[in-house]
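Below is one structure; the comments refer to it alone.
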Amino acid sequence: MDYQGFFSQHLDRLRAEGRYRVFAELERIVGAFPRARLHRQGLAPRDVTVWCSNDYLAMGQHPVVIEAMREVIDAQGSGAGGTRNISGTNRLHAALERELAALHGKDAALVFTSGYVANETTLQTLGAMLPRCEIYSDAFNHASMIAGIRHSGATRHIFRHNDIAHLEALLAAADPATPKIVAFESVYSMDGDVSPIGGICDVARRHGALTYLDEVHAVGMYGANGAGVAERDGVLDKVDIVQGTLAKAFGVIGGYIAASAAIVDFVRSCGSGFIFTTSLPPAIAAAALASVRHVRSRPELRVRHQERAATLKRKLVAANLPSMPSETHIVPVLVGDAALCKQASDLLLDRHDIYVQPINYPTVPRGTERLRLTPTPLHGDDEMDRLVAALQDVWRRLGLGQRAAAE
């Protein structure tokens, strides 16, 4: 087989469809967020405004977080020195896990190297080891959840997105004695819609199923303490396993689960994605711990964040740009074509020094390609006005036309 030819032809198809991923090489500037410096080969660096960062609260550059990381680097060095089982459990890992457990009102927590690994490892471990386990997965679940479910070998059932009645019908048809897990998200990151957490948990409980809730795009940003949508909606006690990230609202890196002591210990003892992975550097754990504590104690951050998102949505609607309906801080703008979406992103960057990454298939369904905007507490009104004017210019240049907000 011509291996190189196969790879090249596939990449050529991605380019022809406008789906080839081009990474913007950015240099973040402490104290200047949401500005960053763009580097391109052969060109002088220039400053751009970032409108698609997952550093939702700008904690990645907060002095509290930076100082915590710096102090531990000076005191302990860089790496953790091994897996959690072999010399790699630092007192800061333990402190972080206690803080996360308290955040979610659970007995215990377990930290992983990423949210992806947390999802894949936990769902794979539970699905594989619970005898004859069946997993019921929302149709819009993240790729990491899908991977964990598939690798578990458990029987899979897909229920229509946020459709409680469909989930109930599927569970009602199952053997009541069979172990079951209902896996879903709180905030779905490409559309910005929210799941009916309480209703899903009630259905799961009636049918003897564990609930597994991914709050990656909600922790830090919703609820009185930033525990997520389940806390905001008063249903956190109904959720058996919460999965979250340290890489978005908390601005560092890593993932975690929080649950009962027995569930957490079971995954700790049996999950290969946890057991055989070198643990997070102590400085990362320290930075995450400082960030979680800071965000928990400052609800005004969440108030400001929601106000900024609502303001941007109003400005887009007033400009007759096709902002898609969203209940959350995620603000998608519909383009509907992969090639045009890439062109729109390029024009925003080249003409207006605005960086927004195009979101194309398979991340979203074909025909729903979009620009996904994520306003933060540090995006001011002037920056929003510049963004709206730039989008209007790009829409005219590409012949997209201005249209009312998408139904």
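The values are calculated or read from the model by the stated rules, or taken from the named source; none is laboratory data. Quantities reported herein were computed from a predicted structural model and do not represent experimental measurements. Note: ideal-geometry Cβ built from the backbone for every residue, glycine included; neighbour counts use all protein chains shown. For accessibility, only protein heavy atoms count, side chains too; no ligands or nucleic acids. Shrake-Rupley method; radii C 1.70, N 1.55, O 1.52, S 1.80 Å.
Here are a few things to note about the model shown:
- Checking each residue in the range 36-51 for being buried (at least 16 other Cβ atoms within 10 Å of the Cβ) and outside any loop (DSSP other than H, G, I, E, B) picks out Ala36, Leu38, Val48, Thr49, Val50.
- Residue check, Val187 open to solvent by less than 10 Å² (accessible area, probe 1.4 Å) and in contact with a His (Cβ under 6 Å, 6 or more places away or on another chain): yes
- Taking the criterion of being within 20 Å of Gly198 (Cα to Cα) and free of Cβ contacts under 8 Å to residues at least 40 places away in the same chain, the only residue of the range 127-156 that qualifies is Ala139.
- Boolean, Ser326 is hydroxyl-bearing (Ser, Thr, Tyr) and either in a loop (DSSP other than H, G, I, E, B) or surrounded by fewer than 17 Cβ atoms within 10 Å (Cβ to Cβ) (or both): yes
- Output for the range 369-399, where each listed residue is in contact (Cβ under 8 Å) with a residue 24 or more places away in the chain and not in a helix (DSSP H, G or I): Glu369, Arg370, Leu371, Arg372, Leu373, Thr374, Pro375, Thr376, Pro377, Leu378, His379
- Meets criteria (out of contact with any helix residue (DSSP H, G or I) (no Cβ under 7 Å at 6 or more places or on another chain), buried (at least 22 other Cβ atoms within 10 Å of the Cβ) and not aliphatic (A, V, I, L, M)) for Tyr136: no
- If you go through the range 200-240 and keep only what is open to solvent by 50 Å² or more (accessible area, probe 1.4 Å), within 21 Å of Glu327 (Cβ to Cβ) and more than 19 Å from the chain's Cα centre (by Cα), you end up with Asp202, Ala224, Asp233, Gly234, Lys238.
- Residues of the range 9-35 classified as assigned to a loop (DSSP other than H, G, I, E, B), modelled with pLDDT under 95, on the phi < 0 side of the Ramachandran plot and not hydrophobic (A, V, I, L, M, F, W, C), total: 4
- Residues (farther than 20 Å from Ala283 by Cβ and either free of Cβ contacts under 8 Å to residues at least 24 places away in the same chain or buried (at least 24 other Cβ atoms within 10 Å of the Cβ) (or both)) located in the range 245-260: Ile257, Ala258, Ala259
- Cβ-Cβ under 6 Å pairs, at least 6 apart or on other chains, the range 352-368 side open to solvent by 50 Å² or more (accessible area, probe 1.4 Å), far side at pLDDT 90 or above: Asp353/Val48
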